[in-house]
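Below is one structure, written out as structure tokens, with a few remarks after it.
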Amino acid sequence: MMRDLFEKIYKDKGPLGKWASLAEGYFVFPKLEGQISNRMKFQGKDVITWSINDYLGLANHPEVRKVDAEAANDFGSAYPMGARMMSGHTSLHEQLQNELAEFVSKESTYLLNFGYQGIMSTIDALVAKDDIIVYDVDSHACIIDGVRLHMGKRFTYKHNDIESLEKNLERATKMAEQTGGGILVISEGVFGMRGEQGKLKEIAALKDKFNFRFLVDDAHGFGTLGKTGAGAGEEQGVQNEIDVYFATFAKSMASTGAFIAADKEIIDYLKYNLRSQMFAKSLQMQLVKGALKRLDMIRTMPELKENLWKIVNALQSGLRERGFDLGTTQSCVTPVYLKGSIPEAMALVKDLRENYGVFCSIVVYPVIPKGLILLRLIPTSMHTLVDVDETLKAFSVIRERLEKGVYKRLSASVAAAMGE
Ligand SMILES: Cc1ncc(COP(=O)(O)O)c(C=O)c1O
């Protein structure tokens, strides 16, 4: 019997949506107000913001704001109209591509309007039906969605587990010998939730044994890792072994847009085959000019990255000294693991925000195992050692309260409502 399409939606709001009435506006879709900075306002209160990926503090840098404003004044927010291929191409798009290519040591790059759609299209364009994809099981949603577009076989390997990758490469190789296709391996440069770097060096070393091409999503590594800030490939000394390098402008570049980088012949192919770019409006000039300025600052102001790492080191070593579990992070991403239920996590985060002025993201089951709470802190170049100090003190207090069962008591009614 047929049903109304919307019937399932009326019944089931989805794994996150079902908590909307308890969480919306506070734990999800919170409104951070004021200028993007280390301190912003949340529901009228001053909070130290540890939840914004403005790693290098460029979002609100006066020089950046000036260029953004000038570009808006000169070009408006429409120019250029149309897709790059048809009418939306400009010399400044080309200039940005050339400068990005030089910065990440690749022959060529191509701009993407959004990282998410861009990497989906990249995966889609790189593989044909007889090719096989082998990718980390903890990959970002955009990679998973890109893989979903693939008509052929795919294998996941255990997160950052080289033995598991090898096993899957053996299976993929056998299969590719039958189909006559090739293999694409995909990893992140930095896994954004837990902060580990992808084992790019070990993965690249497997090229001696297996025949594959390597795509790296370096959203969190670009600008934060490597001597010049060129990312996780530079940090691990394997940029040359990465066949297709991707980074977004949404983090260190504090903007919107993204790019892919590879050999010229590969980029020349992609620019004629990336459906999300061919059939979408070109990145607007305000963003292109803004990105040129940001890239210039990343190149010429090493103090931005130095200050970022000063804060990262102070925060991470301070938390570790206090006995907090930061898991396996090897990047700026600072996860703090605590034990507790979802309602306890909600009460704890409320306490942090209301009484200690500390705003960080909270991650719970199903993203991480049941019974664990992940508080995720993103240090930036804007933060100060005072911010770190206040946060460390607050974290010590909330842990004590968690262990004493304070949040369990405070959240008893929420737990009952959630059926926890
Ligand atoms: C690992 C990773 N890849 C891709 C993206 C998507 O990039 P964008 O925000 O440019 O769509 C993100 C989030 O921004 C990310 O964290």
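The values are calculated or read from the model by the stated rules, or taken from the named source; none is laboratory data. What you see is a predicted model, and the numbers here were worked out from it, not measured in a lab. Note that we place each Cβ from the backbone using ideal geometry, even for glycine, and neighbour counts take in every protein chain shown. Accessible surface is based on the protein model in full, side chains and every heavy atom, while ligands, DNA and RNA are left aside. Shrake-Rupley method; radii C 1.70, N 1.55, O 1.52, S 1.80 Å.
Assorted remarks:
- Cα-only Debye scattering, the range 118-261: base-10 log of I(q)/I(0) at q = 0.10, 0.11 Å⁻¹: -0.30, -0.36
- Between Gln330 and Arg275, the contour length at 0.36 nm per residue exceeds the Cα-Cα span by 16.4 nm.
- Annotation note: chymotrypsin sites (Phe, Trp or Tyr not before Pro) in the range 1-82 located in DSSP loop regions with a Cβ neighbour count of at most 11 within 10 Å are Phe6.
- Square roots of five times the Cα gyration tensor eigenvalues for the range 319-420, Å: 23, 15, 12
- Helical mean residue ellipticity (222 nm; -39500 (n - 2.57) per DSSP H run of 4+; nearest 500) of the chain: -12500 deg cm²/dmol
- Cα gyration tensor, the range 108-193 - rounded (a/c under 1.5), prolate or oblate: oblate
- Spatial separation of Cα centroids for the range 1-45 and the range 171-207, in angstrom: 34
- 10 Å beta-carbon shell around Glu234, net charge (K/R +1, D/E -1): -1
- What the range 1-59 shows is 70 Å² of accessible area per residue, with the surface traced by a 1.4 Å probe over protein heavy atoms.
- Taking amide hydrogens as placed 1.01 Å from N in the peptide plane, the amide H of Ser252 sits under 5 Å from those of Tyr55, each at least 5 positions away in sequence or on another chain.
- Across the accessible surface of the chain, with the other protein chains kept in place and a 1.4 Å probe, carbon and sulfur atoms take up 53 percent.
- In Hz, Karplus ³J(HN,Hα) per residue of the range 50-65 (6.51, -1.76, 1.60; θ = phi - 60°; x = Gly, Pro): 10, 10, 10, 7, 7, 3, 9, x, 8, 3, 10, 5, x, 5, 5, 4
- Within a Gaussian network of the chain (alpha carbon springs, distance under 10 Å), most fluctuating of Val406, Val147, Val288: Val406
- Taking the range 262-283 and a reference point 7 angstrom along Cα→Cβ of Ala83, the backbone N atoms nearer than 12 Å belong to 271-282.
- Dipole check for the chain: with +1 at the C-beta of Lys and Arg, -1 at the C-beta of Asp and Glu, and the Cα centre as origin, the magnitude is about 1180 Debye.
- In the chain, the DSSP beta bridges split such that about 60 percent are antiparallel, to the nearest 5.
- Working from Cα pairs under 8 Å separated by at least six residues, relative contact order for the range 45-149 is 15 percent.
- Cα-based radius of gyration of the range 226-349 once divided by 2.2 N^0.38 Å, which approximates compact folds: 1.39
- Karplus 3J(HN,Hα) series, Hz, for the range 166-179 with 6.51 cos²θ - 1.76 cosθ + 1.60 (x for Gly, Pro): 4, 4, 6, 5, 4, 5, 5, 5, 4, 5, 5, 5, 7, 7
- Relative contact order (%) - criterion: Cα under 8 Å, at least six apart; region: the range 1-108: 9
- Annotation: amide H-H contacts under 5 Å for Ser361 (H modelled 1.01 Å from N, sequence separation of 5 or more, or interchain): Arg376.
- Alpha-carbon centroids, the range 358-390 and the range 240-294: separation in whole Å: 29
- Full-stretch length increase - Glu390, Glu7 - with 0.36 nm per residue and alpha-carbon distance subtracted: 133.0 nm
- Three-way shape label, the range 1-80, alpha-carbon gyration tensor, a/c 1.5: oblate
- Rounded tilt (10° steps) of 302-321 against the dominant C-alpha axis of the chain: 40
- Charge context of Ser252, other residues only, Cβ under 11 angstrom, K/R +1, D/E -1: +1
- Taking the inverse of the mean reciprocal distance over all distinct Cα pairs, the Kirkwood hydrodynamic radius of the range 183-226 comes to 11.0 Å.
- Each of Arg409 and Trp309 was given a label point 7 Å from its Cα along the Cα-to-Cβ line. The distance between the two points is 4.6 nm.
- As a calculated quantity, the FRET efficiency between Thr300 and Ser21 at R0 = 60 Å, using C-beta atoms, amounts to about 0.75.
- Anisotropy class of the range 1-136 from Cα gyration tensor, a/c 1.5 cut: oblate
- Rel. contact order, % - alpha carbon contacts under 8 angstrom, at least six apart, the chain: 20
- Scanning residues 5 or more positions from Ala247 or on other chains, those with amide H under 5 Å from its amide H are Asp218, Phe259, with H placed 1.01 Å from N in the peptide plane.
- Tail weight of P(r) past 21 Å, computed on alpha-carbon pairs of the range 148-216, percent: 23
- In the calculated pair-distance distribution of the chain, the portion above 36 angstrom amounts to 31 percent of the Cα-Cα pairs.
- Exposure here means at most 10 other Cβ atoms within 10 Å; with trypsin sites (Lys or Arg not before Pro) in a DSSP loop as sites, the longest stretch of the chain lacking them is 228-369.
- Local net charge near Asp54, Cβ-Cβ under 12 Å (Lys/Arg +1, Asp/Glu -1): +2
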